[in-house]
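Q: Would you mind keeping the following structure in view while I ask a few things?
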Amino acid sequence: MNTERTPQELTSYLRTLEAALADAPAEARAEILADVRAHADDALEQGRPLTEVLEALGPADEVSEQYRRELGLAGEPGRPGSFGSGIAQDPASLREAVADRGARLLHFASVAVAVVTGAFVAFLLPAFAVHSMSTGSGSTGSGSTGFGSSTEPVDMGTRIQTLFDQLGAGAILLALLPALLALLPLVLPRSLRQPVAIANAVVVSLLALISGFTVGLFYVPLAVLMWAAVVVPWRVLHGLDLATSLLWRIFGGVLVCAPGLLLVSGLITGTIVFSWGTLALVLVSVVLGVLFALGWRPVYAVIALLGMTAMVLGMVDLGLLTLAVWWVGGAWLAIGLSAVATLRPRRGAVAP
Amino acid sequence: MHCNTCITRYGECMDAGRERIATNLRKGVLEYCVLAMLSRREMYGLELANELVERGLTASEGSLYPLLARMREAGAVETRWEASGEGRPRRYYAITDGGRSQLRLFAGVWAGLAAQVDQLLGTGDAGGRAVPEIEPEMKAEDQG
């Protein structure tokens, strides 16, 4: 028997087997093919006809299926029963329920942040543009307190000119507009939710960008939150689960750490003077980031709450760092809520 | 006259039924039969396949190799290449210590199981008529 030349049928049998096991580890696949080939060669040597040998082996796809079962490889696509796949996929209905709940959570948060941002911008914040103009001309528009315009816009007790002072009722309208937009995804039919949410995110992002040198920068957290309301439910629908996705947790953890890391780099380069408060901030942000990456569920809500607190503090205590505090707070709020929005209901509980 | 359950002629139905029972039973013991054969001496693939088929322990030679692959992964058997006289080298399968202890465990379980089943079927000490008992039932089903 000539074993140098492999019969055509055997070659194609082995090729089918190899293709069906394409995703098996290369070493295991090589051993499988060597085994089957040796079996066929030996049988041919004993004088058995090739067709009988291949028939006794069984169809190549059945043999490969048995290999998959025995070696714990995942079932081939389209075949029922996958073996050895570690985590059971969520049923689509659960993913839908989680995505829906997450979307509503993030949209509610968007409304709240939009209202707060509007109030902040209209009533509390010095009107940047107007202020710089008036300091430029050296006189104030209102001058109601007698102090006039000072180069220190945040001096306590100074009558600060706000957008409301400037524009009156128009300011309220301006302030409420993003809030109304944010409300739309919650009140419109569900089929319109995602397109409207995307439109909102784009509009608010543009607003933040166009008026970036005046009040726009304060709308950045709202824009981020609105993007989160678009992206997070969509990813959840496609299988994102923080409990099993280490990569996303690390990504989120790094984002949570970022303010702390910035402070560290500031300390190193000397732009920030060391204080125990700074050190505490660094430690808190790093601990929160690490806990986030480790997937400790309660920390998500804690980060969101701390973010909200930071935003409120930034509002109340106007100062040089107001914008930075506002942004960090907004980022933590968006990250924390996004993480909460991906959470599956605990075992036994059913999502509404 | 056709079987209601498997849509084959009566005789074939009996064969199919017998084959199904045999397939199900063999599934669980094939691995240990391989270990038992290897505990006597090292063997290469075709040798194992031939003996298993001769003994009626497997219907498909193709299912032997996936099984061997798993047993190898589990450490019950190991392989080595050996030049076989004149031709190309052969891959021999040998039982490991782990495989031997598995085989001992199986032997104990099998002895108990076989004794119980024999006793229930009445082919053991009591002697009896349990096996033919099953057939009239199938015939009745066949007619109904």
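The values are calculated or read from the model by the stated rules, or taken from the named source; none is laboratory data. Being a predicted model, the structure only gives us computed values, none of them experimental. FYI the Cβ positions are ideal-geometry reconstructions off the backbone, even for glycines, and counts take in every protein chain you see.
Q: Out of the residues in region A:19-36 that are surrounded by fewer than 18 Cβ atoms within 10 Å (Cβ to Cβ), within 12 Å of chain B (Cβ to nearest Cβ) and out of contact with any Asp or Glu (no Cβ under 9 Å at 6 or more places or on another chain), which is farthest from B:TYR92 (Cα to Cα)?
A: Once the filter is applied, the top-ranked residue is A:PRO25.
Q: Looking at (1) within 11 Å of chain B (Cβ to nearest Cβ); (2) touching a residue at least 40 places away in the same chain (Cβ under 8 Å); (3) of a type outside the set (A, V, I, L, M, F, W, C), which one does A:GLY47 not meet, given that it meets all the others?
A: A:GLY47 satisfies all of (1) within 11 Å of chain B (Cβ to nearest Cβ); (2) touching a residue at least 40 places away in the same chain (Cβ under 8 Å); (3) of a type outside the set (A, V, I, L, M, F, W, C) except (1).
Q: Restricting to region B:91-106, what's the tally of residues that are of a type in the set (Gly, Ala, Ser) and in a strand (DSSP E or B)?
A: Number of matching residues: 1.
Q: Counting only residues that are modelled with pLDDT under 90 and farther than 17 Å from A:ASP35 by Cα, give me the helices (runs of 4 or more DSSP H) lying completely in region B:1-86 with at least 3 of them.
A: Because the criterion is at least 3 residues that are modelled with pLDDT under 90 and farther than 17 Å from A:ASP35 by Cα, the helices (runs of 4 or more DSSP H) in region B:1-86 that meet it are B:10-40.
Q: From B:ALA49, B:ALA76, B:ALA83, which residue is away from chain A (no Cβ under 12 Å) and either crowded, with 19+ Cβ neighbours inside 10 Å or touching a Leu at 6+ places or on another chain (Cβ under 8 Å) (or both)?
A: One residue alone meets the criteria, B:ALA76.
Q: Let me ask something additional. Please enumerate the residues belonging to region B:29-42 that are closer than 20 Å to A:GLN66 by Cβ and either polar (S, T, N, Q) or within 14 Å of another protein chain (Cβ to nearest Cβ) (or both).
A: If the condition is that a residue be closer than 20 Å to A:GLN66 by Cβ and either polar (S, T, N, Q) or within 14 Å of another protein chain (Cβ to nearest Cβ) (or both), then B:LEU30, B:GLU31, B:VAL34 are the ones that fit.
Q: Return yes when A:GLY84 is more than 12 Å from chain B (Cβ to nearest Cβ), assigned to a loop (DSSP other than H, G, I, E, B), at pLDDT below 85 and under 49 Å from the mean Cα position of the chain (by Cα) and no when it is not.
A: no
Q: Further question on the same structure: Going by the structure shown, is A:VAL53 within 11 Å of chain B (Cβ to nearest Cβ), within 19 Å of B:ALA69 (Cα to Cα) and among the aliphatic types (A, V, I, L, M)?
A: Criteria not met by A:VAL53.
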